[in-house]
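The values are calculated or read from the model by the stated rules, or taken from the named source; none is laboratory data. Note that the structure is predicted; figures quoted are calculated from it, not measured. For neighbour counting, all protein chains shown are included, and Cβ atoms are generated from backbone atoms with ideal geometry for every residue, glycine included.
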Amino acid sequence: MNVDLFIPCFVDQMSPQVGLAVATVLERLGHTCSFREAQTCCGQPSFNAGYWDEAREVAARAVGIFADAEAVVGPSGSCVAMMRVFYPQLLKDTPHQTAALDLAAKTFEFGEFLVKKLGITDVGARFPHRVTYHDGCHGLRELGVRDEPRQLLAAVKDLELVECDEPESCCGFGGLFSVKFPMISTAMAEVKGGSLARTECDYIVSSDPSCQLQLDGWLSRQAATSGGRRVRTVHLAEVLAGTVASESA
């Protein structure tokens with residue numbers, strides 16, 4: 001297939017290796033990846049802040065940019081949910097309504113695309129570490145993506161997957177939520193971070209870079225305070241591509 005990559009702001013600015021890992025995996029499977037430079041933020045910050053008119057402008061522009069795409073794949077359940085679930089709502093009863101529905105039908109979260117669209121669970125990866133998986137809220141609740149990343153991780157050679165005791169708890173990031181309610185956000189990170197850390201894993205795997213930022217912040221502070229071991233977070237695509245940095249966990 002010809003796959004258009006939708007690269008969220010967090011990936012573009014803070015973790016470009018995640019976007020490269022997505023392209024690496026898809027190209028190894030024989031697909032062609034493209035990046036449309038005209039793409040921008042999905043508009044979720046404006047949408048969540050209540051600036052729906054501004055978010056609607058962003059959505060209308062995005063559906064035009066990807067109008068002729070065969071498939072759009074993003075490494076963020078949060079941003080994909082914005083495009084697939086909320087664009088059709090924002091653009092309902094506008095000249096862009098049909099285009100929004102068309103885009104929603106061909107937009108996928110990375111792990112979901114591999115399993116549901118391509119029918120692949122084993123990409124030939126090897127990752128000899130004990131890992132646990134963090135479910136991002138948008139991917140889990142808006143897209144219904146739960147089993148797919150676990151199926152992909154279960155097929156990775158030498159990887160041990162351990163479930164935490166709070167698998168569906170939010171990490172507390174929530175974009176603007178963490179800015180408006182920092183104390184609540186921190187408390188939520190403590191609950192979810194503690195649950196993940198209790199698995200005694202080497203890595204925490206996620207499908208949403210924004211969740212990684214939140215958890216990384218909490219984990220680094222805990223390690224600095226306690227002098228304990230620093231657990232790292234990595235994106236699912238990095239594990240499958242074999243591009244995780246070699247520094248010790």
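How many residues are at pLDDT below 80 and of a type in the set (S, T, N, Q) when one looks only at the stretch 221-249?
Selection size over the stretch 221-249: 4.
For the stretch 205-214, which residues satisfy the criterion of being more than 18 Å from V145 (Cβ to Cβ) and among the aliphatic types (A, V, I, L, M)?
Residue satisfying the conditions is L213 alone.
In this structure, does G172 turn out to be buried (at least 16 other Cβ atoms within 10 Å of the Cβ) and assigned to a loop (DSSP other than H, G, I, E, B)?
Working: buried (at least 16 other Cβ atoms within 10 Å of the Cβ): yes; assigned to a loop (DSSP other than H, G, I, E, B): yes.
When the stated conditions are applied, G172 passes them.
How about the stretch 134-146: which of its residues are surrounded by fewer than 24 Cβ atoms within 10 Å (Cβ to Cβ) and touching a residue at least 12 places away in the same chain (Cβ under 8 Å)? Outline the logic, then answer.
Here is the first cut: in the stretch 134-146, the ones surrounded by fewer than 24 Cβ atoms within 10 Å (Cβ to Cβ) are 137, 140-144, 146.
The answer is C137, L140, E142, L143.
Of the numbered conditions (1) assigned to a loop (DSSP other than H, G, I, E, B); (2) modelled with pLDDT of 95 or more; (3) out of contact with any Gly (no Cβ under 9 Å at 6 or more places or on another chain); (4) not hydroxyl-bearing (S, T, Y), L101 fails exactly one; give the number of that condition.
L101 satisfies all of (1) assigned to a loop (DSSP other than H, G, I, E, B); (2) modelled with pLDDT of 95 or more; (3) out of contact with any Gly (no Cβ under 9 Å at 6 or more places or on another chain); (4) not hydroxyl-bearing (S, T, Y) except (1).
Pull up the stretch 202-230, narrow it to residues that are within 30 Å of F6 (Cα to Cα) and in contact with a Leu (Cβ under 9 Å, 6 or more places away or on another chain), then point me to the one that is surrounded by the fewest Cβ atoms within 10 Å (Cβ to Cβ).
Filtering the stretch 202-230 for residues that are within 30 Å of F6 (Cα to Cα) and in contact with a Leu (Cβ under 9 Å, 6 or more places away or on another chain), the one surrounded by the fewest Cβ atoms within 10 Å (Cβ to Cβ) comes out as L219.
Could you list all residues from the stretch 205-219 that are of a type in the set (S, T, Y) and assigned to a helix (DSSP H, G or I)?
S210
Residues to consider are V80, V73; find the one that is at pLDDT 95 or above, within 14 Å of the chain's Cα centre (by Cα), of a type outside the set (D, E, K, R) and not in a helix (DSSP H, G or I).
Just one listed residue meets the conditions, V73.
Please work out if T121 is under 25 Å from N2 (Cα atoms) and in contact (Cβ under 8 Å) with a residue 40 or more places away in the chain.
Working: under 25 Å from N2 (Cα atoms): yes; in contact (Cβ under 8 Å) with a residue 40 or more places away in the chain: no.
When the stated conditions are applied, T121 does not pass them.
Here's a check for you: in the stretch 175-201, which residue that is part of a loop (DSSP other than H, G, I, E, B), surrounded by 14 or more Cβ atoms within 10 Å (Cβ to Cβ) and not hydrophobic (A, V, I, L, M, F, W, C) is farthest from the chain's Cα centre (by Cα)?
Only one residue tops the list, namely T199.
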